[in-house]
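Undergrad: So that we are looking at the same thing, I have put the structure below in structure tokens.
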Amino acid sequence: MLTVNAYAATSATGPLVPTTIERRDVGPHDVLIEIKYAGICHSDIHTVRGDWGPQSYPLVPGHEIAGIVTEVGSSVTRHAVGDRVGVGCMVNSCGECTNCCKGEEQYCLKGNTGTYGAVDRDGTTTQGGYSTHVVVTEDFVVTIPEGIELDVAAPLLCAGITTYSPLHHWGAGPGKKVAVVGLGGLGHMAVKIAHAMGADVTVLSQSLKKQEDGLRLGADHYYATNEPETFEQLAGTFDLIVNTVSATIDISAYLQLLALDGALVNVGAPAEPLPVNVFSLILGRRSFAGSAIGGIGETQEMLNFCAEHGLGAEIEVIPAEKINDAYERVLAADVRYRFVIDAATLR
Ligand code: NAP
Ligand code: ZN
């Protein structure tokens with residue numbers, strides 16, 4: 001066992017505090033990663049605060065991990081000491097069900113093993129990336145291509161893949177009108193990726209505050225949703241809408257912005273249900289769908305795509321002691337556009 005420094009939540013309401021946790025010995029198929037950077041995802045906050053159900057504490061969040069391999073097990077073939085690697089939202093799955101066999105491990109029929117707060121296959125509770133080291137089975141470790149710095153790569157492991165996957169699946173590309181709702185961690189990556197795929201991209205943000213950023217990130221158009229005329233102006237426009245908002249919104253109003261046969265894909269995961277007026281679907285043969293992260297193969301594909309197109313996250317690197325302040329700023333939609341913890345400050 002390896003005792004490592006970490007930051008943990010000890011309850012749903014209190015601040016995160018410095019602590020130490022144990023990492024398992026490196027097994028034959030494991031790699032030990034020295035974490036360099038860990039992104040702060042809104043899902044960390046939802047989880048810690050119990051939005052998605054009760055948790056056991058202490059809980060070390062963090063599923064946007066970028067680091068360097070420092071040890072490999074005797075049977076490891078995919079990674080070597082010194083490799084630049086990443087770990088996202090899952091660290092295991094059954095590997096045998098229909099979905100795992102298709103490379104869609106995130107939809108494992110037995111449930112994938114989350115990077116934190118999940119029961120691992122050895123019965124222990126997983127602890128995430130707000131720590132200095134992690135031991136992960138090699139199949140759930142991806143390679144960060146040369147050309148993407150580790151700090152801007154970290155958020156790709158969740159925000160990047162969670163937006164790449166539905167954009168790819170629903171065919172974002174030339175001739176497609178794509179809207180991104182919410183310009184936060186996921187939203188800003190959705191804009192960059194959809195633009196790189198060749199789509200015509202529109203940001204739908206609460207206000208005009210981030211307009212300059214949205215256009216700089218690659219959006220062709222930008223509208224404020226606090227202006228009611230936005231919904232009249234854009235009715236029936238989009239082939240694809242990706243909703244990244246962490247709170248409940250009037251989803252039926254957004255469905256009206258879809259063109260015939262358009263799809264609104266929800267990746268935002270608010271604590272409360274999103275009620276839908278079915279007429280906003282019926283009148284336009286529209287779809288309302290959801291999407292969770294992406295498979296391991298697809299995560300590697302996304303990283304390669306980002307390297308090819310020179311994409312990384314827009315980040316604010318923070319020391320560990322600023323994690324609680326960062327949480328408050330994420331909750332206030334005041335993040336530009338991902339906080340990334342410098343793991344060297346975890347002591
Ligand atoms: P984030 O950085 O906080 O971004 C969310 C954005 O939504 C905010 O920046 C804001 O953008 C908008 N927003 C927030 N509150 C709002 C409100 N009350 N009304 C309207 N708009 C609001 O969060 P994130 O890390 O991108 O995560 C977004 C959501 O995706 C979270 O619920 C997270 O748990 C979920 N998630 C899902 C998956 C998946 O696999 N499906 C993976 C990762 C995360 P504007 O200021 O531009 O309006
Ligand atoms: Zn996440």
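Undergrad: Distance between Cα centroids, segment 234-254 to segment 6-35: provide it in whole Å.
TA: 36 Å
Undergrad: Take every Cα pair under 8 Å in the chain that's 6+ residues apart, average their separations, divide by the length, and report that relative contact order as a whole percent.
TA: In percent, rounded to a whole number, it is 18.
Undergrad: A further question follows. Contour minus end-to-end for Q206 and L281, with contour as 0.36 nm per residue of separation and end-to-end as the Cα-Cα distance?
TA: Result: 24.7 nm gained on full extension.
Undergrad: Something else about it: Sticking with the crude label model, points 7 Å out along Cα→Cβ, report the distance from R121 to A292 in nm, one decimal please.
TA: Each label point lies 7 Å from its Cα, and together they span 1.8 nm.
Undergrad: Over segment 238-347, what is the mean sequence separation of C-alpha contacts under 8 Å (at least six apart), divided by residue count, expressed as relative contact order in percent?
TA: Relative contact order, segment 238-347: 21 percent.
Undergrad: How much length is gained if the chain between N226 and T98 is pulled fully straight, taking 0.36 nm per residue apart and subtracting their Cα-Cα distance, in nm to one decimal? Working shown, then result.
TA: Working: separation 128, 0.36 × 128 = 46.08 nm, distance 4.34 nm.
Net length gain for the segment: 41.7 nm.
Undergrad: Right, here's the next one. Show that you can apply the helix-only estimate: for the chain, add -39,500 (n - 2.57) for every DSSP H stretch of four or more residues, divide by all residues, and state [θ] at 222 nm to the nearest 500. Kindly include the intermediate steps, with their values, before the conclusion.
TA: Numbers: 11 runs with 83 residues, N = 347.
Estimated from H runs of four or more residues: -6000 deg cm²/dmol.
Undergrad: Okay, next question. About its Cα centre, what dipole magnitude does segment 160-290 give when the only charges are +1 on Lys and Arg Cβ and -1 on Asp and Glu Cβ, stated in debye to the nearest 20?
TA: Computed charge dipole of segment 160-290: roughly 300 debye.
Undergrad: Okay, moving on. Cross-link partners among aspartates and glutamates for K110, C-alpha distance below 19 Å, same-chain residues fewer than 8 apart left out?
TA: E96, D120, D122, D139
Undergrad: Determine the percent antiparallel among the DSSP beta bridges restricted to the chain, to the nearest 5. Kindly include the intermediate steps, with their values, before the conclusion.
TA: On the way: 34 of 60 bridges.
Of those bridges, close to 55 percent are antiparallel.
Undergrad: Now a separate question. Name the long-range amide H neighbours of T70: under 5 Å, sequence gap of 5 or more, or other chain; modelled H, no Pro or chain starts.
TA: Close amide H contacts, sequence-distant or interchain: L32, I33, E34, G82.
Undergrad: Give the aspartates and glutamates reachable from K102 as a straight Cα distance under 14 Å; neighbours fewer than 8 places away on the same chain don't count.
TA: Within the straight-line cut-off, K102 pairs with E298.
Undergrad: With a ≥ b ≥ c taken as the square roots of the eigenvalues of the C-alpha gyration tensor of segment 29-149, please select rounded if a/c is under 1.5 and otherwise prolate if a/b is larger than b/c or oblate if it is not? Let's see the in-between values first.
TA: Details: a/c = 1.68, a/b = 1.20, b/c = 1.41.
Oblate, since a/c reaches 1.5 and b/c is not below a/b.
Undergrad: May I pose another question? Given labels modelled 7 Å from the Cα in the Cβ direction, how far is it in nm from T3 to N304?
TA: 4.3 nm
Undergrad: If one puts a single equal scatterer on every Cα of segment 119-184 and applies the Debye formula without solvent, what log₁₀ I(q)/I(0) results at q = 0.16, 0.27, 0.29 Å⁻¹?
TA: The Cα Debye sum returns log10 ratios of -0.82, -1.31, -1.35.
Undergrad: Using all Cα-Cα distances in the chain, what percent lands in each 10 angstrom bin from 0 up to the longest?
TA: In order of increasing distance, the bins hold 6, 26, 35, 23, 9, 1, 0 percent.
Undergrad: Still on this structure, please answer the following. With charges only on Cβ, +1 for K and R and -1 for D and E, what is the dipole size of the chain about its Cα centre, in debye, rounded to 20?
TA: It works out to roughly 320 debye.
Undergrad: P(r) tail for segment 221-300, what percent of Cα pairs lie past 17 Å?
TA: Numbers: 1541 of 3160 pairs.
Of all Cα-Cα distances in segment 221-300, 49 percent exceed 17 Å.
Undergrad: When only C-alpha pairs under 8 Å and at least 6 residues apart count, what is the relative contact order of segment 187-269, in percent?
TA: Details: 118 pairs, mean separation 20.1, N = 83.
About 24 percent, as a whole number.
Undergrad: Same structure, new question: Leaving out ligands, DNA and RNA, what percent of the accessible area of the chain is carbon and sulfur, probe 1.4 Å?
TA: Numbers: 7200 of 14250 Å².
Taking all protein chains in place, the chain shows 51 percent carbon and sulfur surface.
Undergrad: Tell me, which longest segment in the chain has none of the GluC sites (Glu not before Pro) that fall in DSSP loops with at most 13 further Cβ atoms within 10 Å? Mind showing how you got there, number by number?
TA: On the way: sites that count: E96, E146.
It runs 147-347.
Undergrad: Using the Kirkwood radius built from alpha carbon pairs, what does the Stokes-Einstein equation give as D for segment 160-290 at 10 °C and 1.306 mPa s, in µm² per second?
TA: Estimated via Stokes-Einstein, D reaches 112 µm²/s.
The values are calculated or read from the model by the stated rules, or taken from the named source; none is laboratory data. The shown structure was predicted, so the numbers you read here are calculated from the model rather than taken from an experiment. Cβ sites come from the backbone with ideal geometry, for glycine too, and all protein chains shown count toward neighbours. When the accessible area is computed, the model is the full protein with side chains, heavy atoms only, and any ligands, DNA or RNA have been set aside. Shrake-Rupley method; radii C 1.70, N 1.55, O 1.52, S 1.80 Å.
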